[in-house]
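The structure appears below as structure tokens.
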Amino acid sequence: MDRAVLDAYGWTDLKPTCEFLLDDEDDEDQEQATRRRRKPWRYRWPDDFRDEVLARLLELNRQRAEQESLSSAAAQAKPRKPKKPARKSSGPRQMGMF
């Protein structure tokens with residue numbers, strides 16, 4: 001699934017490798033882990049690979065935000081056609097009797 005997602009973004013140069021890695025835990029986390037009996041090992045990406053993916057996602061987000069602001073600025077800059085004035089009505093129309 002990782003490969004499919006990375007390919008969808010066009011990041012074919014990244015080669016995901018998941019490993020069983022020990023999570024870093026501070027004292028508070030260890031206390032909670034003991035209560036929940038959580039295993040400190042997780043099957044996940046190594047930190048350097050995860051950091052690369054996150055950096056690319058942040059850059060992609062920046063680019064898309066820039067494109068969005070440019071397209072909204074362009075939409076606001078388009079000259080709009082002046083609206084035709086509404087017809088003034090002289091009251092209700094009266095139909096002749098004949």
Just order 3-12, 66-75 by mean Cβ neighbour count inside 10 Å, highest at the front, would you? 3-12, 66-75
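Given a 1.4 Å probe and heavy atoms of the protein chains only, how would you sort Lys15, Lys83, Lys39, largest accessible area at the top?
Final ranking, largest accessible area leading: Lys83, Lys39, Lys15.
The values are calculated or read from the model by the stated rules, or taken from the named source; none is laboratory data. In this text the structure is predicted, and so the values were computed from the model without any measurement. With ideal geometry, Cβ positions are generated from the backbone for all residues, glycine too; neighbour counts draw on all protein chains shown. With ligands, DNA and RNA removed, areas are computed over all heavy atoms of the protein, side chains included. Shrake-Rupley method; radii C 1.70, N 1.55, O 1.52, S 1.80 Å.
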